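Working notes, structure below.
A short reminder: the numbers here are calculations on the coordinates, not readings from a lab. Small disclaimer: the values here were computed from a predicted structure and weren't measured. Heads up, the Cβs are rebuilt from the backbone with ideal geometry, glycines too, and the neighbour counts pull from every protein chain shown.
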Amino acid sequence: MKRLTTHITTVAALLASLAGAGAAHGAIAAKRMAPPTVAEAEKFVAEAEALLTKLDLDSARNGWVYNTFITDDTEASVAQADEQRLSAAGELALKARRFNALKLPQATARKLKLLQLSLMLSDAGERASYTRLAAGMSGAYGKGKYCPKLADGSTLPCMALGELEKVLAENRDPARLKEVWLGWHAVSPAYKQHYADYVALSNKGAREMGFADTGALWRSGYDMPPEAFAAEMERLWQQVKPLYVALHTYTRHKLRQTYGPAVVPADGPVPAHLFGNMWSQSWDNLYPILKPASNKDDDDLGRALVANKTGPVEMTRYAERFYTSLGMEALPPTFWSRSLLTKPQDREVVCHASAWDMDGKGDVRIKMCITPTDEDFKTIHHELGHTYYQLAYRKQSELFRNGANDGFHEAIGDTVALSITPDYLKQIGLRTDAPAGSDDVPLLLERALGKVAFLPFAYLVDKWRWDVYSGKTKPADYDTAWWALREQYQGVARPAPLAAGGFDAGAKYHVAADTPYARYFLATMLQFQFHRALCREAGYVGPLSRCSVYGNKKAGAKLQAMLAMGASKPWQEALQAISGEDNIDGGALIEYFAPLKVWLDEQNKLMSSK
Ligand code: X8Z
Ligand code: ZN
C-alpha cells in the first residue's frame with residue numbers, strides 16, 4: 001500500500017513541490033532565499049518523509065523481486081527504482097542543509113541530520129551507472145558457481161556457494177578444502193573492475209555531499225564525529241584481542257594435530273581453508289575437532305533438527321515462538337505467505353539471508369535458504385531480530401524507522417540467540433539432556449567459535465574498505481591489502497599465492513553488495529551487553545552462558561521498549577534504556593567468556609611446554 005494520497009505523481013514534481021525548492025533538479029545552491037523558518041523546516045521534513053516512503057516502497061518491491069528471481073530484467077528494474085530513490089535522496093540531502101543553522105525541535109533537527117547522510121550524484125548518467133553496477137555485482141555474487149574441471153577437460157556439475165560451504169564445514173581433506181575455497185574465490189575477479197568503477201562513483205557522490213569519501217560518510221552514522229568512531233572501533237578491538245589470540249593459539253594446536261605440521265605451521269598465519277568457513281569468520285564447524293577431550297556430551301542440535309525432519313517453516317516457527325514468549329506479537333500472515341524460506345530449484349536467487357521491511361507498516365519478510373543446521377537455527381533467530389525491530393518501530397515516522405544504529409539492528413536477534421541454552425533446547429524438545437552446570441567450558445568454547453573468532457574479521461572488512469574508499473588502497477592492491485589485514489588481525493593466510501587480477505574481498509557478500517560491515521563488530525559487543533541487561537531484568541543470577549530469558553515478559557518488555565524507539569534518539573539513549581550503560585563496551589563479552597579464557601590459557605601453556 002502506498003501512503004501518498006496526493007495528486008503529485010512523479011518524483012520530479014514531488015521534489016519541485018518541496019519547501020524552498022526553486023527547481024526540480026540541480027541549481028538549488030545558487031538560488032538566494034529568505035532565511036528559513038522553523039515551520040518551513042518542519043514542512044520540508046514531512047514532505048521529504050512522504051516522498052521517501054513512496055520511493056522506499058518502490059525500491060523494496062523491485063529489490064525483493066530481483067533478489068528472489070535474478071534475471072536481466074529484474075536487474076534493470078531494481079537499478080531503475082534505486083536510481084530514482086538515489087536521485088531524490090541526494091536532492092533532499094542538499095536541500096536539508098538550508099536549515100542547519102536553525103534552532104529546531106530535537107526530532108526535526110535529528111531528521112535533517114539523518115537526511116544529510118546520503119550520497120548526492122547530480123549527473124543522471126552517473127547515477128544510473130552506479131545503481132546498475134550495484135545490482136550487477138550482487139546478482140553476480142548470487143549466481144556465482146564453481147564448476148570443477150577434470151584433467152581431461154570435462155566438467156563436473158557446478159556448485160553454488162551453499163554446497164561449497166557444506167564441504168568446508170564437513171570435509172576434513174585439506175586438498176578438497178583448498179579446491180573449493182579456490183573455486184569460490186575464482187567467482188569475484190569477474191566483477192573487480194565493476195567494483196573499482198562503483199567505488200569511484202560512490203566517492204564522487206559522497207564528495208558532492210561534503211564528505212571526504214564514502215568511508216567517511218559511513219563512519220558519520222554513529223552520533224559522533226567520524227574520527228571518533230574509527231578510534232572507538234580500535235579501542236574495542238584492543239579490549240577483546242587477548243581473548244581472540246588465546247582462542248587462535250588453541251585452535252592452531254588442534255588443527256596441527258588434525259592436519260599435521262606440513263599443512264599447519266607452528267607460527268605465523270594459518271591457511272584460511274581449514275576453519276570450516278569460507279571466510280574463516282566463524283569456526284563453529286571446528287567444534288568436533290576442538291572440544292575438550294573430557295567432554296562426553298554429544299547431543300547435537302543439527303542432528304536433532306535432521307532427525308525431526310524440521311523444515312524451514314518449522315525452523316522459523318521455533319524462532320517466532322521465542323519472540324512471542326517475550327510478549328511480542330505473532331508474525332503477520334503476510335510474513336508467512338510472502339517470505340522466501342527455501343532455496344528455489346528453478347531460478348537464481350541471492351541466498352544470503354536478509355530481512356525486509358517493505359512498507360514500514362508491517363509487510364515484513366525474510367529471504368533465506370534455510371537448511372536444518374545448528375548455524376541456520378541461530379541465523380533464523382538473527383533474521384527475526386531484524387523483523388521484530390521493524391515491527392516495533394513501525395509506529396515511528398519514516399526517518400526514524402531504523403535501528404538506533406546499524407549495530408543495534410544486527411545485535412537483536414543474536415541477543416535472543418544467546419538465550420538458546422542447553423536447558424532451553426531441552427525444554428522445547430531439541431535436546432534429550434542438558435549437561436550439568438558445573439562444567440561450562442564446552443558450552444563457552446562452542447559459543448566462542450562463533451563470537452570470539454568473528455571479531456577480527458568483523459573489524460577488518462571495513463578497515464579494508466575505508467582504505468579503498470579513501471584511495472589509500474588502489475584496485476591493483478586490493479588483494480595485497482586484504483591479505484595483509486587478514487594476516488595481521490585474523491592470523492589467517494591465503495591457501496595459495498595471490499592470483500593475478502584476483503579480488504578475494506569480493507568473494508564476501510557484503511563487499512559485492514556494498515553493505516557496511518562495522519555493524520557486525522559493534523553487534524558482537526552489544527549483544528553481550530543486551531544479554532547481561534535482560535538477564536538482570538529477569539532477576540537471573542549465575543553464569544551468563546546459562547541464562548535464557550525465554551518466556552520472561554519483564555525482560556521482553558525492556559527489549560521491546562528499546563526497539564520501539566527506532567532511530568528517534570541517539571543510540572546512547574537507546575543503550576541507556578535497555579542497560580543503563582551509555583557506551584558500547586567489550587566488558588560484557590569478556591565477562592561472559594572469562595572462565596574460557598582461564599581454561600584456554602592453561603591449555604596453551606600445557607601445549608607449548610610439550
Ligand atoms: O550477513 C549476515 C546476516 C544478515 S544481516 C545473515 N551476517 C554476517 C555475515 O554473514 O557475514 C550475520 C553475521 C555476520
Ligand atoms: Zn543481520
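Under a 5 Å amide H cut-off, with hydrogens placed 1.01 Å from N, F69 pairs with V350 among residues at least 5 apart or on other chains.
In the chain, helices alone account for a calculated mean residue ellipticity at 222 nm of -18000 deg cm²/dmol, with every DSSP H run of four or more residues adding -39,500 (n - 2.57).
Straight-line reach from K113: which lysines have Cα under 17 Å away, leaving out those fewer than 8 places along the same chain? Answer for K113, where 17 Å is the Cα cut-off: K43, K95, K103, K569, listed by chain and number.
Over segment 258-335, the hull volume per residue, using the convex hull of the C-alpha atoms, is 184 Å³. Between A109 and Q239, the distance separating the two model label sites (each 7 Å from Cα on the Cα→Cβ line) works out to 2.8 nm. Our coupling estimate for segment 126-142, obtained by passing each phi through the Karplus curve with A = 6.51, B = -1.76, C = 1.60 and θ = phi - 60°, is 5, 4, 5, 4, 4, 6, 5, 4, 4, 5, x, 5, 5, x, 4, 5, x Hz, Gly and Pro reported as x.
Lysine pairs in segment 400-479 whose alpha-carbon atoms fall under 24 angstrom of each other, counting only those eight or more residues apart or on distinct chains, come to 4.
The antiparallel fraction among DSSP beta bridges confined to the chain stands at about 70%.
Couplings 3J(HN,Hα) for segment 259-275, derived from phi with the Karplus relation 6.51 cos²θ - 1.76 cosθ + 1.60 (θ = phi - 60°), are 9, x, x, 6, 9, 10, x, 6, 8, x, x, 9, x, 6, 7, 9, 9 Hz, where x marks Gly and Pro. Quick one: go through segment 315-350 and flag any residue whose amide nitrogen is under 14 Å from the point 7 Å out along the Cα-to-Cβ line of N308. The answer is 315-322. Across segment 299-382, counting alpha-carbon atoms alone, Rg and Dmax equal 13.3, 42 Å. For A493, the residues whose modelled amide H falls within less than 5 Å of its own, excluding neighbours fewer than 5 places apart on the same chain, are V270, A272.
The calculated FRET efficiency for the pair T155 and T71, based on their C-beta separation and a Förster distance of 22 Å, comes to about 0.35. Going by Cα centres, segment 42-114 and segment 395-458 are how many Å apart? What the calculation gives is 33 Å, centre to centre. Number of Lys-Lys pairs in segment 175-256 with C-alpha atoms under 23 Å apart and a separation of 8 or more places or on different chains: 4.
Pairs of Lys residues in segment 318-417 that lie 8 or more places apart, or on two chains, and have C-alpha atoms under 19 angstrom apart add up to 4. Residue ranges 268-276, 386-394, 153-161, 254-262 sort as 386-394, 268-276, 254-262, 153-161 when ordered by packing (mean number of other C-beta atoms within 10 Å per residue, highest first). Its Kirkwood hydrodynamic radius, worked out from the mean inverse distance over all distinct Cα pairs, puts the chain at 25.5 Å. Ranked for footprinting exposure by Cβ neighbours inside 10 Å, fewest first, M565, M607 give M607, M565. Going from the residue with the fewest nearby Cβ atoms within 10 Å to the one with the most, K178, K451, K149 rank K149, K178, K451.
For segment 47-94, the orientation-averaged shadow of the C-alpha convex hull comes to 3.0 nm² (one quarter of the hull surface). Converting phi to 3J(HN,Hα) with the Karplus coefficients 6.51, -1.76 and 1.60 and the offset θ = phi - 60°, segment 93-101 yields 4, 5, 5, 4, 4, 4, 9, 4, 8 Hz in sequence order, with x at every glycine or proline. Subtracting the Cα-Cα distance of K426 and Q257 from 0.36 nm times their residue separation leaves 57.5 nm of extension gain. Within straight-line reach of K309, meaning a Cα separation under 18 Å, sit the following aspartates and glutamates at least 8 residues removed in sequence or on another chain: D299, D300, D374, E375, D376. Within a straight-line Cα-Cα reach of under 16 Å, K605 can be paired with the following aspartates and glutamates, leaving aside sequence neighbours fewer than 8 residues apart in one chain: D267. Taken over segment 139-204, the ratio of Cα radius of gyration to 2.2 N^0.38 Å equals 1.37. Whole-percent P(r), segment 30-118, all Cα pairs, 5 Å bins from 0: 2, 14, 21, 18, 14, 11, 8, 6, 4, 2.
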